[in-house]
Amino acid sequence: MIPLIPALAGALLVAGLLGLVAGLRRTPVDEGTPRRSTPRRASWRSMSRRTRLMLIGGVAGGVLAWTITGIPLAVVLGPIAAVGIPALLAPPNGAARIERLEAMEEWTRALSGVLTVGVGLEQALIATLRSCPAPIATEVTTLVARIRARWSTEDALRAFADDLDDATGDLIAANLILGARRRGSGLSSVLEGLAESVSADVRARRQIEADWAKPRATARWVTLISASVLVVLALSGSYVDPYRDPLGQIVLVLLLTMYVATLVWMRRMAAGRPLPRFLRTAAEATP
């Protein structure tokens with residue numbers, strides 16, 4: 001049991017560092033939605049089947065590694081590596097953002113075409129519901145429902161921008177709000193030009209995603225090769241002997257922590273940051 005103490009201490013040190021980083025991050029708080037406490041016993045049920053299998057496999061691999069190498073820390077590192085490394089090496093969800101941008105561009109172009117017929121803005125918004133792209137179908141459906149519920153057009157469009165929660169969505173909603181205020185005949189051409197601008201943005205984002213895929217693939221291969229080499233060295237020689245004592249396990253935790261921090265840093269660089277919104281929310285705009 002003595003070798004297990006530094007292993008647990010090292011695991012607690014890593015957990016404390018991760019908890020400190022998570023606690024210092026700013027997260028938006030929705031004050032209007034009451035929080036519901038989830039019992040801890042439901043956390044295992046809430047996991048996907050794939051995550052459960054990975055955890056079970058990680059625990060089994062950790063126990064096997066402890067038996068072979070004599071390092072108790074492997075019992076803790078096994079499940080952490082089984083779940084954490086695939087999550088770190090998985091590509092960010094940039095494709096979903098691009099699909100939403102494409103949907104906004106398609107919807108804006110369709111709205112521009114409906115407005116050329118000469119109908120009003122509200123009727124045009126309702127008409128686009130039938131051919132709305134799937135990525136923003138929920139937001140457009142809610143917008144149409146608010147217009148049918150006798151919301152003012154500006155309030156409904158501001159709430160629509162809040163639902164999209166995107167700088168491009170703010171740009172589309174701002175042009176529609178100006179069109180609702182002035183009721184001019186040039187809104188169709190403005191939306192057509194805006195759709196062309198969003199289309200160019202989509203092409204640029206696709207090129208950026210293609211460029212970001214290269215360093216992500218490099219990091220994935222480096223991690224797989226490093227893990228394979230470590231497994232071979234641990235099984236075939238005395239490479240892991242210095243990590244069997246308490247000091248060696250602490251050093252091992254620090255080395256692995258720095259490696260994981262490097263992966264997190266690379267992932268953040270490749271993920272990019274969304275543009276900040278500029279349109280005030282519906283609650284802020286209400287006097």
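At a glance:
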{"item": "Any hit, the range 246-253, residues being within 31 Å of the chain's Cα centre (by Cα), surrounded by 11 or more Cβ atoms within 10 Å (Cβ to Cβ) and at pLDDT 80 or above", "result": "yes"}
{"item": "Residue within the range 195-205 that is within 30 Å of MET104 (Cα to Cα), assigned to a helix (DSSP H, G or I) and either basic (Lys, Arg) or at pLDDT below 75 (or both) present", "result": "yes"}
{"item": "Residue, surrounded by the most Cβ atoms within 10 Å (Cβ to Cβ), within the range 166-193, restricted to residues that are among the charged types (D, E, K, R) and either touching a Pro at 6+ places or on another chain (Cβ under 9 Å) or modelled with pLDDT under 90 (or both)", "result": "ASP166"}
{"item": "One residue from ALA149, ALA90, ALA95, ALA159 being of a type outside the set (Asp, Glu), in contact (Cβ under 8 Å) with a residue 40 or more places away in the chain and more than 22 Å from SER199 (Cβ to Cβ)", "result": "ALA159"}
{"item": "Members of the range 221-245 that are surrounded by 12 or more Cβ atoms within 10 Å (Cβ to Cβ) and not in a helix (DSSP H, G or I)", "result": "TYR239, VAL240, ARG244, ASP245"}
{"item": "Close pairs (8 angstrom Cβ cut-off, 6 or more residues apart or separate chains): farther than 18 Å from TYR243 by Cα and free of Cβ contacts under 8 Å to residues at least 60 places away in the same chain in the range 46-72, β-branched (Val, Ile, Thr) and not in a loop (DSSP other than H, G, I, E, B) anywhere", "result": "THR51/VAL83; MET54/VAL83; LEU55/VAL83; GLY58/ILE80; GLY58/VAL83; VAL59/VAL75"}
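The values are calculated or read from the model by the stated rules, or taken from the named source; none is laboratory data. The model shown is predicted, which means the values in this text are computed figures rather than measured ones. Note that we place each Cβ from the backbone using ideal geometry, even for glycine, and neighbour counts take in every protein chain shown.
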